[in-house]
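To start, the structure under review is shown below, and the notes come after it.
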């Protein structure tokens with residue numbers, strides 16, 4: 001797959017609501033476009049995005065062909081403890097792209 005970018009605050013206060021942002025470079029090809037040779041370009045989309053905080057899933061989304069290329073997802077979560085926020089993107093053929101970031105909670 002492609003490069004993933006994530007934005008997680010490095011520090012937060014306990015109980016603070018923080019914004020999490022994630023983007024992945026991906027063509028999100030619908031399978032409906034016609035290529036230069038006259039045949040359909042094969043479908044290639046990210047089907048699922050999931051985010052976990054210290055091993056517990058806190059956000060997930062199923063994506064569909066109507067989602068634009070390089071999908072950007074933003075959501076909030078409550079900072080409870082210091083730890084790792086893990087991101088996972090899964091595409092049509094089962095390829096998985098992951099990224100992670102640390103957050104320190106005071």
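How large is the convex hull of the Cα atoms of the range 46-106 per residue, expressed in Å³ as a whole number?
Values: hull volume 5.2 nm³, N = 61.
Roughly 86 Å³ of hull volume per residue.
Between the alpha-carbon centers of the range 15-47 and the range 54-75, tell me the distance in whole angstrom.
For the range 15-47 versus the range 54-75, the Cα centre distance is 11 Å.
Can you tell me what percent of all Cα-Cα pairs in the chain are more than 18 Å apart?
50 percent
Values in this text are rule-based calculations from the coordinates and carry no lab data. A quick note: this is a predicted structure, and the numbers were derived from the prediction, not measured.
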